[in-house]
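A.B. asks: Here it is, the structure, as structure tokens.
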Amino acid sequence: MRTWVRQHPYLALAFGYFIFLVFTTATWFLIGSRDLVDALLIAFINTVVYVLLALFQIRNVLKTKQRLEKDGQFRAFIRYPDSLPGSLSGIWNQGIATPAAGTIRFQPAVYDSLEPSGRPTEFSVQELIPERRKISGKDRKYMPAYGFRAITLLADGSKVELAASPESLDRLVDIVKNERRH
């Protein structure tokens, strides 16, 4: 199913809209009015409102991503897997990562617009374990983004897991590899 959706995204979107429209129409027909035309009209108006809200959300996410890319930054999540239970061992902290020569600066941030909150942390990267793993299920605690992958960094004598989009991780690995060559 996933493969088909990736191969036919617009057809999948149209099919999903059709299913949503049928479900919404049936709901409004059974609960609200007993007139099919009214139920169809209400279902159509609701779907237009939902689509507009989704478009505004997507636009804001893309603007934030462009702003970060302009400064060489990316949205990331970190956690400390070897810390004591109950602390940040199982919780991903959202923020902005800025890779540089041998370091990564992590600024905690909130909201989808990534407004900075708290003090930034600078990690001196001793080793980057480039093996990537998919984040799924219970491991995704407090991580609203899908499709992110995690890598492990050995930084300042501790283990840090960093999760980001595959493209961002590619840039991070390139920066670290280039630093080691120099």
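A.B. asks: Restricting the search to region 155-166, which residues are modelled with pLDDT of 85 or more, part of a strand (DSSP E or B) and open to solvent by less than 60 Å² (accessible area, probe 1.4 Å)?
C.D. replies: Looking only at region 155-166, we keep the residues that are modelled with pLDDT of 85 or more, and these are 159-166.
Imposing the further condition that a residue be part of a strand (DSSP E or B) reduces the set to 159-164.
Matches in region 155-166: Val160, Glu161, Leu162, Ala163, Ala164.
A.B. asks: Which numbered condition trips up Lys138, out of (1) at pLDDT below 80; (2) of a type outside the set (Gly, Ala, Ser); (3) open to solvent by less than 50 Å² (accessible area, probe 1.4 Å); (4) not in a loop (DSSP other than H, G, I, E, B)?
C.D. replies: Result: Lys138 passes all but (3).
A.B. asks: Right, here's the next one. So, of the residues in region 31-88 that are touching a residue at least 40 places away in the same chain (Cβ under 8 Å) and assigned to a helix (DSSP H, G or I), which turns out to be farthest from Ala155 (Cα to Cα)?
C.D. replies: Only one residue fits best here, namely Gln57.
A.B. asks: Can you name the number of the only condition in (1) over 30 Å from Gly32 (Cα atoms); (2) at pLDDT below 85 that Gln57 fails?
C.D. replies: All conditions are met except number (1).
A.B. asks: Within region 10-19, can you find the residues that are open to solvent by 80 Å² or more (accessible area, probe 1.4 Å) and either closer than 15 Å to Ala54 by Cβ or aromatic (Phe, Trp, Tyr) (or both)?
C.D. replies: The initial filter retains those residues of region 10-19 that are open to solvent by 80 Å² or more (accessible area, probe 1.4 Å), namely 10-11, 13, 15, 17-19.
Across region 10-19, the qualifying residues are Tyr10, Leu13, Phe15, Tyr17, Phe18.
A quick yes/no check of all residues on (1) under 30 Å from Ile151 (Cβ atoms); (2) in contact with a His (Cβ under 9 Å, 6 or more places away or on another chain); (3) open to solvent by less than 100 Å² (accessible area, probe 1.4 Å):
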{"position": "Ile31", "(1), (2), (3)": "no, no, no"}
{"position": "Ala43", "(1), (2), (3)": "no, no, yes"}
{"position": "Thr47", "(1), (2), (3)": "no, no, yes"}
{"position": "Leu53", "(1), (2), (3)": "no, no, no"}
{"position": "Lys63", "(1), (2), (3)": "yes, no, no"}
{"position": "Gln66", "(1), (2), (3)": "yes, no, no"}
{"position": "Lys70", "(1), (2), (3)": "yes, no, no"}
{"position": "Ile78", "(1), (2), (3)": "yes, no, yes"}
{"position": "Pro85", "(1), (2), (3)": "yes, no, no"}
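A.B. asks: Would you be able to tell me the number of residues in region 90-111 that are under 20 Å from Gly72 (Cβ atoms) and assigned to a loop (DSSP other than H, G, I, E, B)? Give the derivation first.
C.D. replies: To start, the set of residues in region 90-111 that are under 20 Å from Gly72 (Cβ atoms) comprises 94-109.
With assigned to a loop (DSSP other than H, G, I, E, B) added as a condition, the list becomes 101-102.
So the count comes out to 2.
The values are calculated or read from the model by the stated rules, or taken from the named source; none is laboratory data. The shown structure was predicted, so the numbers you read here are calculated from the model rather than taken from an experiment. Cβ coordinates were reconstructed from backbone atoms using ideal geometry, including for glycine residues, and neighbour counts include every protein chain displayed. Ligands, DNA and RNA are excluded from the accessible area calculation, which covers all protein heavy atoms including side chains. Shrake-Rupley method; radii C 1.70, N 1.55, O 1.52, S 1.80 Å.
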